[in-house]
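Undergrad: I am attaching a structure below and will ask some questions about it afterwards.
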Amino acid sequence: MTGPLKIGVVGCGSIGIRGALDHLTLPDVQDRVQVTAVCDPAPGRAEAAARKYGVPQAFEDYDRMLEQADMAAVTICTPIGLHYEQGLKAIRAGKHVHFNKTMTVTTAEADHLIDEARSRGIHLVASPGQMLRPHNRRIREMISDGVLGKISWAVTGAAFGAYHENEGVRQGDDPLHNIDPSWYWRTPGGGPLYDMTVYGLHALTGILGPAKRVTAFSGVSIRERVYRGKTYPCDAHDNTLMCLDFGDALFAFVYGTFAGSVAPFGMPSFFGQKGTIVGLELNGQPFDYPGREEARAASQGDQVLLPHVKGPHREMGEAHVFEDVMQLVDLVREGIPTPATPEHARHVIEIIEAAYRSAETGQAQALRTSFQPV
């Protein structure tokens with residue numbers, strides 16, 4: 001491909017706006033990617049997004065978008081429970097796909113998408129591309145080089161809190177600022193594991209490699225939430241604690257909870273014979289990695305070190321989502337491989353699915369999927 005990749009944004013909610021449209025419509029990327037269509041079923045939202053961002057086509061119906069829009073790819077920015085069906089339709093329509101996290105809810109769904117895409121010559125990229133971050137690649141090098149000696153255990157996770165309710169795109173009355181967050185609390189696809197812990201799981205497995213077994217406790221703690229005066233029932237698990245077995249007596253503690261964290265968000269901590277890595281410190285002192293000082297001085301932290309996050313993108317939110325979309329752009333246009341593979345995403349999905357199954361059955365769950373770290 002010599003011209004820009006024409007892409008459609010599916011879902012004009014929080015991530016569709018902040019991670020895709022805000023970035024992909026800036027002048028500096030138009031030679032590589034152009035947003036040619038947007039889609040959202042909420043009345044007036046797609047039209048409002050198209051007007052604001054200068055996008056030629058707007059759709060409320062996804063099937064019509066796939067049939068009529070002038071595009072070769074889509075970025076799926078909808079609630080996680082919709083990703084499988086929407087991704088499958090895009091693949092069968094011949095469109096390359098970027099999935100925001102998490103790619104699917106089940107391993108079987110991920111298997112199906114990967115198989116369908118492979119059979120049709122379609123490229124898939126799945127967020128979050130945590131191994132694009134220089135500090136994670138450096139941690140993997142240090143552990144491989146034996147800096148920590150034999151690793152005993154690791155920890156990662158995230159807490160829900162009220163992050164989504166407080167986002168600015170949810171506080172107004174117009175279609176681009178009245179976005180309902182309630183899907184985060186419902187099945188399928190809601191809860192902190194699929195939405196937030198997924199970052200740490202991608203980093204953890206990207207550094208240590210695929211896990212082998214999972215055991216967990218999990219349940220629903222907060223059964224109702226109130227947002228803008230309305231009460232919403234909650235049935236997605238919001239309190240999950242799991243243990244991963246990586247083999248050779250190497251274990252990791254992973255959590256997705258409604259409150260409380262013991263590790264920096266998305267950044268696993270590692271404990272070994274010769275020392276520890278916690279966040280960006282080795283044995284209590286900052287370790288070196290490419291761009292460290294630049295990242296420390298930036299308002300958006302290490303996101304500024306991602307390959308495509310240049311110029312104005314460095315001061316904008318959700319730049320890591322933009323980066324993952326650009327990974328698809330480079331893969332389609334130039335054949336450049338990416339660590340944000342659907343196989344890695346599938347393995348993380350299986351970990352989450354197996355944790356819920358372990359909590360239900362009271363038994364450890366063996367994992368069957370794997371991936372090749374890039």
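FYI, it's all coordinate maths here, none of it is from the lab. Note that the structure is a prediction, hence the values are computed from the model and not measured. Every residue, glycine as well, gets a Cβ built from its backbone with ideal geometry; the counts of neighbours run over all protein chains shown.
Undergrad: Of Met1, His344, Cys243, which is farthest on the positive side of the dipole of the chain, counting Cα position, with +1 on Lys and Arg Cβ, -1 on Asp and Glu Cβ, and the Cα centre as origin?
TA: The residue sitting farthest along the positive end of the dipole is Cys243.
Undergrad: Treating the beta-carbon of each Lys and Arg as +1 and of each Asp and Glu as -1, no other charges, what is the dipole magnitude of the chain about its Cα centre, to the nearest 20 debye?
TA: 440 debye
Undergrad: Of (1) 21.2, 78; (2) 20.2, 63; (3) 20.0, 59, which is the value of Rg and Dmax of the Cα atoms in Å derived from the coordinates here?
TA: So the calculated entry is the one marked (3).
Undergrad: Using only Cα atoms, find the angle between the long axis of helix 198-208 and the longest principal axis of the chain, and express it within 0 to 90 degrees, rounded to the nearest 10.
TA: That helix lies at roughly 50 degrees to the long axis.
Undergrad: Per DSSP helix of 4 or more residues, -39500 (n - 2.57); summed, then divided by the residues of the chain. What does that give at 222 nm, rounded to the nearest 500?
TA: -8500 deg cm²/dmol
Undergrad: Where the only charges are on Cβ atoms (+1 Lys, Arg; -1 Asp, Glu), what is the dipole of the range 89-154 about its Cα centre, to the nearest 20 debye?
TA: In total the dipole reaches around 220 debye.
Undergrad: Turning to a different aspect of this structure: Once the Cα atoms of helix 83-92 and of the chain are each reduced to a long axis, what angle between those two axes, in degrees from 0 to 90 to the nearest 10, is obtained?
TA: 60 degrees
Undergrad: Give me His177, His135 ranked fewest to most by other Cβ atoms within 10 Å of their Cβ, as a rough exposure proxy.
TA: So the residues, fewest neighbours to most, are His177, His135.
Undergrad: Taking amide H atoms as placed 1.01 Å from N in the peptide plane, list the residues 5 or more away in sequence, or in a different chain, whose amide H sits under 5 Å from that of Gly209.
TA: Hits under the 5 Å cutoff: none.
Undergrad: Can you tell me what share of the DSSP beta bridges in the chain is antiparallel? A percent to the nearest 5 is fine.
TA: For the chain, the DSSP antiparallel bridge percentage is about 55.
Undergrad: Which of the trypsin sites (Lys or Arg not before Pro) found in the range 1-86 are loop residues per DSSP with 13 or fewer other Cβ atoms within 10 Å of their Cβ?
TA: Nothing satisfies the criteria.
Undergrad: Now for a separate question. Can you put Val226, Val55, Val348, Val214 in order, fewest other beta carbons within 10 Å first?
TA: Val226, Val55, Val214, Val348
Undergrad: Another question, if that's okay. If you rank Arg140, Arg133 by fewest surrounding Cβ atoms within 10 Å, what's the result?
TA: Arg140, Arg133
Undergrad: By how many degrees, 0 to 90 and rounded to 10, does the Cα axis of helix 342-361 deviate from the longest principal axis of the chain?
TA: That works out to roughly 60 degrees.
Undergrad: Right, next: If you look for lysine pairs in the range 5-126 that are eight or more places apart or on different chains, how many of them have Cα atoms under 19 Å apart?
TA: Close lysine pairs found across the range 5-126: 4.
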